[in-house]
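These notes concern the structure reproduced below.
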Amino acid sequence: MAKNKASNIKAVLNQLVSDIFEKNGNQLLNYKQVSAKLNLNDEESKKTILEILKEGKTSGAFLEPSPGKFKIKDLKNFLIGRVDMTADGSAYIVPDDEFEKDVFVAPRKLRNALHGDTVKVYVFAKKNGRKNEGEVVEIIKRAKSDFTGVIKLSDKFAFVMADDKKMMHDIFVPLSEIGEAKNGQKVLVTLTDWPEGAKNPIGTIKHVLGDQGDNETEMNAILAQYGFPLSFPKEVEAEANAISAKITDTEIEKRKDFREALTFTIDPADAKDFDDAISYQQLPNGNHQIGVHIADVSHYVIEGTELDKEAYARATSVYLVDRVIPMLPESLSNNLCSLRPKEDKLCFSAVFELDNEANVKEEWFGRTVIHSDRRFAYEEAQEVLENKAGDCVEALLKLNELAYILRDRKFKNGAISFESTEVKFQLDDNGKPIGVFVKERKDAHKLIEDYMLLANRKVAEFIAKKGKGNKKLTFVYRVHDSPKLESLEAFATFASRFGYKINTKTDKEIAKSLNYLMADVEGKKEQNILTSLAIRSMAKAIYTTKKTSHYGLAFDYYTHFTSPIRRYPDVMAHRLLQSYLDDKKSADAELYEAACAHSSSMEKRAAEAERASIKYKQAEYLENNIGTAYKGIISGVTEWGMYVEIEENKCEGMIRLRDIADDFYVLDEKNYCIIGQRKHKKYQLGDEVMIRVKKVDLSKRQIDFTLIPD
């Protein structure tokens, strides 16, 4: 224990010594001067500092230009970045500065850094033709300290084997820290220590999730793995439950009253939280007043309350295969804020007057009160549109007619239509998948989407134009950069193998040819692969206070205003919009930019959790089909295998290269294929193959296939 303590002290001192040189402009210092600047004048500390300087000279971190006088070899040789772990335990450090190149770090030089951690790395002098290599000198920030996994108990200790494939180390847990955990159960473990030189980190069991294979256990394990809480804190629930549902006359007087306007919601059949409603009125001049009414979450969730802090921390609702983990407690998300039919509800609205060509003639933004006349499921609204009969038929038909014009205009302006196949599972009462079906997007879905896009676009435009130049107003925008030409050209090369041409000359030409491609591949076997690769070649949409355009939608101005029950950025947009409608000064840009970065990060994490739940259900579905043969399409290639998506049910698994017996296959990354070294047989992304389900590992959410020869 004493040895570990000494190692920890030395590790801290190591960083402090480097900091002294950096702060003093890298001037020559001896160990006594460094000790004095650190105010560590005892003999033991001086001795340790001298050791650090000498060891640093040996490793190449320090120079000794004159006897006993040291300096950092090259201040530029240090950079800050994020750890991207590879399958063999080495890592690439992805620098914060996008102009810097990634730095390779061998496993022994990672200094206990884990995937996603922010670290300081020393970059070695580059040898001719070699990639950048370095060594981690400081872990600045852990990406996470909680891991889910399976606990293995012995007589004297326990280990947790993490679910996270990029967590390369089992976590040691003293028996005194295992709580009620039983051998083989799924648990949530928190790292508490990792002594220098120790092979494994030390942890304590934070939560026993339950038995492996149990649906509740596995879904909770996915949530915990991605850092989402399994329940709301008691004080947050209490605060939410204490909010009165009564809408006072005083509150109604402050708002525009839309309770007499024909209003309805259109949502999935199983939805419980209704964020948005549409109202429709034909005006005497022949134009159409269309109200996009959004739940006024900011009226109930007051800035700085425990409820607000929890909503900010979560930043988004999480949608797993069999459940929704809401951003707000149920009393708000499903009741108070939800725009349920036949109830008065408080909203924040964007109201438009559209002519018969869907041009916006007038617009108004502000707080309202509404009364929804009807709750439609998508299927019910679609039936009205197709049969031209039923509830609200005239309003729905006119709304759909105008939505078509808005949609066509968007695509003519350069928007891109990505219509990937969305798979849904049919589950039994225990959450087990008993069927798979493809979700269809019809006019009823698109109609709602078009009016939400209109509201988001016009709110962003209103704010951006309200404050220009020095009077620019801080706001939360949703932005999407144009794709990098290199990525797009690689995709164009691949798409050409299927006979599709992508014109990469201008943004409009790119969008036009991508839309032709998306329309052409719809319903074909290669749709999912080409759509997924096209999306991958695009930049990722993010939240930011820095207004730029949204490339994918071809909008100059865009925000997220329409889903505050499930997205925190929308709550921020509501608050800021109301503040500016009240002519208040611009909000703190730095504060909101940090909130935007947090929201973007949590959105990404929620998407990963959703994908993990789909992977689990795919594995569970195929568990009862071991040995069954299917037709599939190659959806990915790596150095250790190729991924295949089954055409019938869209489940994806891997054929490992070592299991293909007729040759020795290697990856040709540039051409998205694997090639046999003797017979030169090629398996390429998009090829059709016959496979057999070989093995399913539910705990790892992995499906293994074997290839059935031609």
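Just so you know, all these numbers are worked out from the coordinates, no wet-lab data involved. As the structure is a computational prediction, the values presented were derived from the model and not from experiment. Note: ideal-geometry Cβ built from the backbone for every residue, glycine included; neighbour counts use all protein chains shown.
Brief remarks on what is shown
- Across segment 460-496, no residue has a backbone nitrogen under 12 Å from the label position 7 Å along the beta-carbon direction of Lys131.
- Note on Trp640 and Ser66: their simple-model spin labels are 5.4 nm apart, each label 7 Å out from Cα toward Cβ.
- Label-reachable residues, segment 440-475, where backbone N falls under 16 Å from a point 7 Å from Glu303's Cα toward its Cβ: 473-475
- Fully extended contour minus Cα-Cα distance, from Asn624 to Lys682, at 0.36 nm per residue: 17.8 nm
- Set of lysines near Lys37 by C-alpha distance (under 16 Å), chain-local residues within fewer than 8 positions excluded: Lys23, Lys46, Lys47, Lys69, Lys71
- Going from the fewest other Cβ atoms within 10 Å to the most, the residues Ser66, Ser563 appear in the order Ser66, Ser563.
- When you restrict to C-alpha pairs under 8 Å that are six or more residues apart and normalise by the size of the chain, the relative contact order lands at 8 percent.
- Span-like helix ranges in the chain, DSSP H, alpha carbon extent 18 angstrom or more, Kyte mean at least -0.5: 2-23, 393-412, 443-466, 507-521, 568-581
- For the chain, the antiparallel share of DSSP beta bridges with both residues in that region comes to about 90%.
- Ranked list, fewest to most other Cβ atoms within 10 Å of each Cβ, for Glu218, Glu362, Glu43, Glu239: Glu43, Glu362, Glu239, Glu218
- Distance from segment 278-294 to segment 347-366 (C-alpha centre basis), Å: 7
- Cα-based Rg / Dmax (Å) for segment 75-141: 10.7, 33
- Exceeding the 25 Å Cα-Cα cut-off - candidates Lys524/Lys615; Lys361/Lys466; Lys272/Lys345; Lys309/Lys446: Lys309/Lys446
- Label reach from Asp428 (point 7 Å along Cα→C-beta): in segment 684-710, amide nitrogens under 20 Å belong to 696-699.
- Straight-line cross-link reach from Lys442 at under 17 Å between alpha-carbon atoms covers these lysines, not counting any fewer than eight positions away in the same chain: Lys388, Lys398, Lys424.
- Estimated FRET transfer efficiency (Glu260, Thr506; beta-carbon r; R0 51 Å; 0.05): 0.55
- Mean residue ellipticity, 222 nm, helices only, the chain: the sum of -39500 (n - 2.57) across DSSP H runs of n ≥ 4, divided by residue count and rounded to 500, is -10000 deg cm²/dmol.
- One way to sum up the overall shape of segment 146-212 is the equivalent ellipsoid from its Cα gyration tensor, whose semi-axes run 17, 13, 10 Å, largest first.
- Full extension of the chain between Val12 and Glu608 gives 211.1 nm of extra length, using 0.36 nm per residue less the Cα-Cα distance.
- Angstrom value of the Kirkwood radius, inverse mean 1/r, which spans all Cα pairs in the chain: 29.1
- Once the chain from Lys465 to Leu230 is taken as fully extended at 0.36 nm per residue, the excess over their C-alpha distance is 80.4 nm.
- For Leu262, the residues whose amide H sits under 5 Å from its own are Tyr280, ignoring neighbours fewer than 5 places away on the same chain, with H placed 1.01 Å from N.
- Long-range HN-HN contacts of Val689 with modeled amide H, under 5 Å: Gly632, Ile633, Ile634
- Within the same chain, lysines fewer than 8 places from Lys156 are excluded, and of the rest, those with a Cα less than 20 Å from its Cα are Lys182, Lys186, Lys199, Lys206.
- For the pair segment 689-705 and segment 584-662, the centres of their Cα atoms are 15 angstrom apart.
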